[in-house]
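For reference, the structure is listed below as structure tokens.
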Amino acid sequence: DVPLAALQPYLDDHTGVIVRDGRARLQGALELAADGGVTFTGRAGVDALHTVDAALQQDFVKWQSLDLLGLRAHSAPPSLIVEELVAREPYARVIVGPDRSLNLHEVLRGRAAAARPGAREATLEPAEPLPVAINKLTVEGGSLNFADLSLKPSFATGVQELSGTVLGLSAEPDARANVKLEGRVGRYSPVKITGKVNYFAAAKHTDLHLRFKNMELTAFSPYSGKFAGYKIERGKLDMDLHYLIDRRRLDAKHKIGLNQLQLGAAVDSPDATSLPVKLAVALLKDKNGEIDLDLPARGNLHD
């Protein structure tokens, strides 16, 4: 029951996170070797974490509990091994602000840097990565929300009831973690995420497959109104996405299905295209009222 809010002064200069609540716990054995090395074995956790981003005063990351089971930490040489990390009801929110700034960027650059818009960030030599291994990550009832406040009306969506496992997380350069997660968008739209990832060096290797089924297109009306000049009256969206990254070379496949897309009322938007959107939609539809798009993307992440 160590209150994490007491750590706020240490966070203020380095992040844009405000800790509203959270309690830490630790149980185990600490051993001091003759050569000065320290070893800890045991378990740890954080309960009822609640953080907000300082700029927008919106929820950022929170969870019911986070348990680190089978924890082994060594000081010489430094290493950290966790047999299982269990996240219950984790929540994260990504927000595009009214000025189109991303809350992740504002949080990571820190409140002190944000208060000095003309200040230059210090260039630091990259530190040696700490050898970390999380043999199993279990997610129970997670959610991820996205909101775009730069639109009028604003846009919001999210993945709920996200559960599953990630096996074999490691800082080793050739490590491959097996991902298997499932959730839903809205009430009737399943989401499935599978594949292999090196989470500590995702640009070196990522092989992820994401499937979204039966999503309501009407939720995207703020975007269609702004850029196409029309609201969406009805329709469903399926997406089958595959991202393969090997040594910063990207090979991505996007298979997108639009079923019974019907555009509605016109929107007076200065950003809307002048192209005949309704005609284009009609031409793309097959005899069953479906639109199938195959959009590959390839290139080098350095470019």
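The values are calculated or read from the model by the stated rules, or taken from the named source; none is laboratory data. What you see is a predicted model; the values in this text were computed from it and never measured. Note that each Cβ is placed from the backbone with ideal geometry, even for glycine, and that neighbours are counted across all protein chains shown. Keep in mind that these areas ignore ligands, DNA and RNA; they rest on the heavy atoms of the full protein, side chains included. Shrake-Rupley method; radii C 1.70, N 1.55, O 1.52, S 1.80 Å.
Quick notes on this one:
- The stretch 177-190, residues that are part of a strand (DSSP E or B) and among the hydroxyl-bearing types (Ser, Thr, Tyr): 189
- Within the stretch 5-18, considering residues that are open to solvent by less than 30 Å² (accessible area, probe 1.4 Å) and either hydrophobic (A, V, I, L, M, F, W, C) or under 23 Å from the mean Cα position of the chain (by Cα) (or both), the one farthest from residue 49 (Cα to Cα): 16
- Residue check for residue 29: more than 18 Å from residue 142 (Cβ to Cβ) and either free of Cβ contacts under 8 Å to residues at least 40 places away in the same chain or in a strand (DSSP E or B) (or both): yes
Matching residues to (1) in contact with a Leu (Cβ under 8 Å, 6 or more places away or on another chain); (2) charged (D, E, K, R):
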{"residue": "198", "(1), (2)": "no, no"}
{"residue": "206", "(1), (2)": "yes, no"}
{"residue": "223", "(1), (2)": "yes, no"}
{"residue": "228", "(1), (2)": "yes, no"}
{"residue": "237", "(1), (2)": "yes, no"}
{"residue": "253", "(1), (2)": "yes, yes"}
{"residue": "257", "(1), (2)": "yes, no"}
{"residue": "291", "(1), (2)": "yes, no"}
{"residue": "295", "(1), (2)": "no, no"}
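- Each residue in the stretch 64-80 was checked for being in a strand (DSSP E or B) and either surrounded by fewer than 14 Cβ atoms within 10 Å (Cβ to Cβ) or not aliphatic (A, V, I, L, M) (or both), and 9 pass.
- Enumeration of residues in the stretch 206-239 that are of a type in the set (Ser, Thr, Tyr) and either crowded, with 19+ Cβ neighbours inside 10 Å or more than 27 Å from residue 268 (Cβ to Cβ) (or both): 206, 221, 224, 230
- Counting only residues that are part of a loop (DSSP other than H, G, I, E, B) and at negative phi, the stretch 191-248 holds 8 of them.
- Close Cβ contacts (under 6 Å, 6 or more residues apart or on different chains) running from residues in the stretch 235-252 that are closer than 10 Å to residue 208 by Cα to residues that are in a strand (DSSP E or B) and acidic (Asp, Glu) comprise 244/207; 244/251.
- Residue list for the stretch 241-296, restricted to those being of a type in the set (Asp, Glu) and open to solvent by 90 Å² or more (accessible area, probe 1.4 Å): 268, 292, 294
- Every residue from the stretch 171-192 that is within 16 Å of residue 209 (Cβ to Cβ) and either of a type in the set (Ser, Thr, Tyr) or open to solvent by 70 Å² or more (accessible area, probe 1.4 Å) (or both): 176, 180, 182, 192
- Counted residues, the stretch 131-170 - those being more than 17 Å from residue 87 (Cα to Cα) and either basic (Lys, Arg) or open to solvent by less than 30 Å² (accessible area, probe 1.4 Å) (or both): 8
- Candidate set from the stretch 44-63 (those that are at pLDDT below 95 and of a type in the set (Asp, Glu)); member that is surrounded by the fewest Cβ atoms within 10 Å (Cβ to Cβ): 59
- Flag for residue 107 being at pLDDT 85 or above and among the aliphatic types (A, V, I, L, M): no
- Scanning the stretch 282-300 for residues that are part of a loop (DSSP other than H, G, I, E, B) and out of contact with any strand residue (DSSP E or B) (no Cβ under 7 Å at 6 or more places or on another chain) turns up 286, 287, 288.
Residue by residue, here is whether (1) within 15 Å of the chain's Cα centre (by Cα); (2) among the hydrophobic types (A, V, I, L, M, F, W, C) holds:
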| site | (1), (2) |
| --- | --- |
| 153 | no, no |
| 158 | yes, no |
| 166 | yes, yes |
| 188 | no, no |
| 199 | yes, no |
| 205 | no, no |
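- Test: residue in the stretch 112-133 that is at pLDDT 80 or above and in contact with a Lys or Arg (Cβ under 6 Å, 6 or more places away or on another chain): no
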